[in-house]
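Just below is one structure, and these are the notes that go with it.
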Amino acid sequence: MRHRELILKMCAGLILVLLINFGIRRTFDPSWYFGNETLGHKMQLYLPVQDSFNTLFVGSSTIFYNLDPLYFDSLMPREWNIRSFNLGGGGSLPPETYRFVKELITRNPGKVKNIILELRDVGIFSENHRNTLRKRYWLTPAWYTFMLRAQWHSELPADLRIRTSLFTTESFLERSLNLGYFNDLYALDPMDDKVSGDRLQDIVRARRNGMLPVSAEREHERGALFYQDTSRLLLIANACKSELSLENPPRPNPIHMKALSGLIEECRKHGIHLVFLLHPKMEKVQVSETLALTRALPENHLINLSDPDSFPELYLAENSLNYNHFNRKGTRVLTEQAAKGFYKVHTAYLNTAVFTNR
Amino acid sequence: MVFNSLEFLLFFPLVVAGYYLIPFRFRWMLLLAASYYFYMCWKLEYVFLILFSTLVDYVAGIMIEKNRGRRPVMTLWLIFSLVLNLGLLFTFKYFNFFNENLRILFNAVNIVWHVPSLNLLLPVGISFYTFQTLSYTIEVYRGNYRAEKHPGYFALYVSYFPQLVAGPIERPGNLLPQLRQQHSWTYDNVTDGLKLMAWGFFKKLVIADRIAVYVDPVFADPSGYYGLNMLIPAMLLHIRVYCDFSAYSDIAIGAARIMGVQLSVNFDRPMFATSFRSFWRKWHITLTRFVMDYIFKPLISRVNHWGTAGRFFAIVMSFSIIGLWHGAAWGMVLFGFFNGLLVASESVKWPWQRWMDRFLHPRIVNFLNGVFVFVMICTTVVCFGAGSLPKLSLIYHNIFSAPLTPLTMQMFNGDLYSMMVLLLSIALVAIVEFAQKDQPLISGWINRLPWYGRWLFYLMIITLMFNFGLYSNKAYIYFQF
């Protein structure tokens, strides 16, 4: 009889604690992007001048360092008046970026007309990001459910999916229980050290468009290491090639696909053209899952650069900083290809939009 | 696996569920497997050290029992156990310390010392389980406890996971019969255990780990901290060690209580001690009792004829061993030595004490004594934080060379938030411990509160722990011993 009493009391206690935590979160509510330091800095730069920009780049470090807004704008037709801002940030991955786009367009729509969003799978949770604020600040019950369902329907190896589910559950518990909430607010907790730093505000402010180009020193330092063995680049290219040549390719993850379609629709409602950019260099394990998504996405919402036959220059060691990033030369090549892709899909989108309006 | 980790949060409920669900005759197997797994999470190989210790003392216990009445044979088996257990402890913990000191000594008289240092990692909790197994053999030798015939229960006594790596150091008379007993799930045991665990986690996550963020850098490089600016970190270090270690004990006692086992109390509100003797009767009680029973008492019986000097010698010697038990460093030895001096000094009634007793109210005398004991213990805990002698002398020099240096709280670097959190949470612990009075464990105090008081307390502790705790899986400070 007393077992039931204990369980009831524990449940009541848990509910009360969750309510108190919820009250604390509401009372001491920081900005909605608080938790990702890079985005925090970039938003501080972006928000005061948001009306000057109509195109946003969102994604991880591959977007942050390798998609140059200035060069991109110069490649666009003058009449489109494209003015882009780079909101990419190291380690900013889906679904955090999906949530970011959703919140951005509802809370601070500005004059945004286009968003180029990096396409990735949602099945990899790096050990470095475990227990970090950036992996939990956005993890509401809805996003948590999405993550678990996406893992369930994913084609990624089972160990990766289990690991991601466990780590996501851990992050969700950390968020729900407000673990170290005030330390996060007062920036005491050293847990997030690995993903913070950089003094981004000072660095990025100089360019005023959110872009942080790869420096000559960094290129020299990282490149030297990379050039010792570039064979993994070939492996990545081969993995893409063999996946693209499959006669019966795998079906896309339905949960992830639904989220992408929902995002496209939501952007469309706000008059925004959402374009997914598939970066050329993926880890071998991600290739199948991510390419499957590209097969199901509408053509005028996708720039697919992950094809070694069509974009061989993106797989050249001389254009690379490492396996995932480009050096300064490669950045120009990637930006150029992204711009070409965007021109193509945006033209199609505009025509469709005109047709639909008629 | 540390208590404040996700792994333990998964591991512990699974073990408890399994413990109560499986038939009684299999429970020891589950607990033994869980205990070895718990230990192997640090380093797989070191489980062999526990197995070795277990085997040695299991055999020694049985042989002593078999040869009861034949004192020389019994003594031989006791020596066998002592040599092997202490030899293991010496090899892993003290060899390099003694080797290094011998090298310095021989070099001073121009003799080359060739013995190389060992490159061994100190196994977690080796001092705790070695003392626990030794206590078993000694108790069997003394005839206070019959040798355990069941190897499984004996192995479990040595490795019982809640107290394996940081105590309390149990005696066979308390733990072994309880391990053999069939415990059923009771509301009181489970709720008391959970209360103790929650209180332990609060002290560890909110106070101990937060103090560590500020105090560790000061002790890593004490230059630049003078007078009170060095004494305050010393006081905080004392509070940190207390909160960290008593937290571990509370969680260990709570975890065992949930499974029906009552471990020994290890801390009885030592911060309210009004004499050094009472401090050591309240601080790390199981270690102090071990040293008193197995070292101090045999020693004093041999030197008692020296009179006061013999008593003084036995106390200082015993406390120096307590210091050495804490770590292979001169700082640790001095920590024990100074505490021994303080305890021994209480045999004498000093003039100012007579004056206070005569002119002041007993409560004021108690309060002043309490403050004095606290400050003095803080100055000895400095040895604990410093480790090496040069650093220790620098710290003492900094404290006493410029005692009037203005207090700047420079170690906090202007972090008012952390200062407030620490101040309030330390005050909360102090108020609760003061209110506990004759209850050494918090569960006893909580049970005396009205239902709304209990709920308010739970919610406050849990909310504070969640929102203000540091969740970086920092290991407990006593693991290094």
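Here are the numbers for this structure:
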{"item": "Odd one out for B:ILE79, checked against (1) open to solvent by 70 Å² or more (accessible area, probe 1.4 Å); (2) in contact with a Phe, Trp or Tyr (Cβ under 6 Å, 6 or more places away or on another chain); (3) under 22 Å from B:GLU170 (Cα atoms)", "result": "(2)"}
{"item": "Residues of segment B:155-197 classified as within 14 Å of chain A (Cβ to nearest Cβ), in a helix (DSSP H, G or I) and small (Gly, Ala, Ser), total", "result": "1"}
{"item": "B:PHE468 in the same structural domain as B:MET271 (by TED's automatic domain parsing), touching a residue at least 60 places away in the same chain (Cβ under 8 Å), buried (at least 20 other Cβ atoms within 10 Å of the Cβ) and under 26 Å from the mean Cα position of the chain (by Cα)", "result": "yes"}
{"item": "Test: residue in segment A:253-264 that is farther than 26 Å from A:ILE105 by Cβ and either touching a Pro at 6+ places or on another chain (Cβ under 8 Å) or of a type in the set (Lys, Arg) (or both)", "result": "no"}
{"item": "Test: A:ASN86 is at pLDDT 90 or above, open to solvent by less than 10 Å² (accessible area, probe 1.4 Å) and within 14 Å of chain B (Cβ to nearest Cβ)", "result": "no"}
{"item": "Residue in segment B:377-385 that is out of contact with any Ser or Thr (no Cβ under 9 Å at 6 or more places or on another chain), closer than 18 Å to B:MET271 by Cβ and within 14 Å of chain A (Cβ to nearest Cβ) present", "result": "no"}
{"item": "Enumeration of residues in segment B:429-448 that are surrounded by fewer than 17 Cβ atoms within 10 Å (Cβ to Cβ) and farther than 12 Å from B:ASP268 by Cα", "result": "B:ALA430, B:ILE431, B:ALA435, B:GLY444, B:ASN447, B:ARG448"}
{"item": "Residue in segment A:15-34 that is over 30 Å from B:ILE461 (Cβ atoms) and acidic (Asp, Glu) present", "result": "no"}
{"item": "Residue check for A:ILE7: within 10 Å of chain B (Cβ to nearest Cβ) and free of Cβ contacts under 8 Å to residues at least 24 places away in the same chain", "result": "no"}
{"item": "Which listed residue is part of a helix (DSSP H, G or I) and in the same structural domain as B:SER135 (by TED's automatic domain parsing), from B:PHE48, B:PHE8", "result": "B:PHE48"}
{"item": "Test set (1) at pLDDT 95 or above; (2) touching a strand residue (DSSP E or B) at 6+ places or on another chain (Cβ under 6 Å) - A:ALA339 fails condition number", "result": "(2)"}
{"item": "Residue list for segment A:79-97, filter: closer than 23 Å to A:THR335 by Cβ and within 16 Å of the chain's Cα centre (by Cα)", "result": "A:PHE85, A:ASN86, A:LEU87, A:GLY88, A:GLY89, A:GLY90, A:GLY91, A:SER92, A:LEU93, A:PRO94, A:THR97"}
{"item": "Residue match in segment B:398-406 (condition: modelled with pLDDT of 90 or more, open to solvent by less than 40 Å² (accessible area, probe 1.4 Å) and more than 14 Å from chain A (Cβ to nearest Cβ))", "result": "no"}
{"item": "Search result, residues across segment B:49-62 that are over 11 Å from B:GLU148 (Cα atoms) and open to solvent by 50 Å² or more (accessible area, probe 1.4 Å)", "result": "B:LEU51, B:PHE52, B:LEU55"}
{"item": "Meets criteria (aliphatic (A, V, I, L, M), open to solvent by 30 Å² or more (accessible area, probe 1.4 Å) and assigned to a loop (DSSP other than H, G, I, E, B)) for B:VAL213", "result": "no"}
{"item": "Selection within segment A:170-181 - facing chain B (nearest Cβ under 10 Å) and either touching a residue at least 24 places away in the same chain (Cβ under 8 Å) or assigned to a loop (DSSP other than H, G, I, E, B) (or both)", "result": "A:GLU170, A:GLU174, A:SER176, A:LEU177, A:ASN178, A:LEU179, A:GLY180, A:TYR181"}
{"item": "Test: residue in segment A:201-213 that is aliphatic (A, V, I, L, M), at pLDDT 75 or above and under 21 Å from A:GLN337 (Cβ atoms)", "result": "yes"}
{"item": "Residue among B:LEU134, B:LEU121 that alone is out of contact with any helix residue (DSSP H, G or I) (no Cβ under 8 Å at 6 or more places or on another chain) and assigned by TED's automatic domain parsing to the domain that holds B:LEU51", "result": "B:LEU121"}
{"item": "Filtered residues of segment A:116-153 (kept if buried (at least 22 other Cβ atoms within 10 Å of the Cβ) and among the hydroxyl-bearing types (Ser, Thr, Tyr))", "result": "A:THR132"}
{"item": "Residue, farthest from the other protein chains (Cβ to nearest Cβ), within segment A:154-169, restricted to residues that are surrounded by fewer than 17 Cβ atoms within 10 Å (Cβ to Cβ) and part of a loop (DSSP other than H, G, I, E, B)", "result": "A:GLU155"}
{"item": "A:THR352 vs. criteria open to solvent by 50 Å² or more (accessible area, probe 1.4 Å), more than 20 Å from A:PRO250 (Cβ to Cβ) and β-branched (Val, Ile, Thr)", "result": "yes"}
{"item": "Elements of type helices (runs of 4 or more DSSP H) contained in segment B:296-381, each with 2 or more residues being crowded, with 20+ Cβ neighbours inside 10 Å", "result": "B:308-326, B:330-345"}
{"item": "Test set (1) more than 14 Å from chain A (Cβ to nearest Cβ); (2) within 19 Å of B:SER184 (Cβ to Cβ) - B:GLU45 fails condition number", "result": "(2)"}
{"item": "Test: residue in segment B:244-258 that is free of Cβ contacts under 8 Å to residues at least 60 places away in the same chain and touching a Phe, Trp or Tyr at 6+ places or on another chain (Cβ under 9 Å)", "result": "yes"}
{"item": "Condition broken by B:LYS66, with the remaining ones in (1) open to solvent by 30 Å² or more (accessible area, probe 1.4 Å); (2) out of contact with any helix residue (DSSP H, G or I) (no Cβ under 6 Å at 6 or more places or on another chain); (3) over 24 Å from B:TYR157 (Cβ atoms) satisfied", "result": "(3)"}
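The values are calculated or read from the model by the stated rules, or taken from the named source; none is laboratory data. These numbers were taken from a predicted model, which means no experiment stands behind them. Cβ atoms come from the backbone with ideal geometry, glycine included; neighbour counts cover every protein chain shown. To get the accessible areas, we keep the full protein, side chains included, count just its heavy atoms, and leave off ligands, DNA and RNA. Shrake-Rupley method; radii C 1.70, N 1.55, O 1.52, S 1.80 Å.
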